[in-house]
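The values are calculated or read from the model by the stated rules, or taken from the named source; none is laboratory data. Treat the numbers as computed from the prediction; the structure is a model and nothing was measured. Glycine also receives a Cβ, built like all others from the backbone with ideal geometry; neighbour counts cover every protein chain displayed.
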Amino acid sequence: MLHRHPFLALVTGGYLAFVGWLTLSPVDSITGATSFGIRVLDALQRRGHLTQIDHQQFEFLANVGLFVPAGMFLALLFGSRYWWVALFACVAMTGGIEWAQQHIPGRVPDPRDLVANSLGAAVGVIVALILMLPATLRRARVRRARERRTGQRADPARV
């Protein structure tokens, strides 16, 4: 899997490292990134946009958005057959992040983050499955044609 998609594996590893830095760093080291998001929201609200979203809802949406690429990259890496492994890995990762945040100064684990991150991962997996759908259908069509020609079923481990 990783040897067949080295660039995707590198991008995925880089993104997961970014997620780790953002979620596991002490609050002092990422205050700039957090305050930047709040400043953007405040600027949009001053112009009359997103006035119905408060800071707590913005944080929830940011957590959803943070894990959409993680779910998508892992699903693309694992493939359409093992999409559920990508989703499980993301949920396990966010559970690990929330557990680790108990021991990091200034960090507060929040069950809503677990829900938001898992939701984002699920959206990312769905996006990846949609992107992989043409190739999945093409492989199934080729497999069925091969089975008709040879008169035997393909090895399920190789499909």
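Miscellaneous remarks
- Residues within region 64-86 that are under 11 Å from the mean Cα position of the chain (by Cα) and under 19 Å from LEU10 (Cα atoms), tallied: 12
- Selection of first residues in region 44-60 that are aromatic (Phe, Trp, Tyr) and of second residues that are surrounded by 11 or more Cβ atoms within 10 Å (Cβ to Cβ), restricted to Cβ pairs under 6 Å at least 6 apart or on distinct chains, gives the following pairs, ordered by first then second residue: PHE58/LEU41; PHE60/ALA116.
- Boolean, GLY95 is part of a helix (DSSP H, G or I), modelled with pLDDT of 95 or more and under 14 Å from VAL64 (Cα atoms): no
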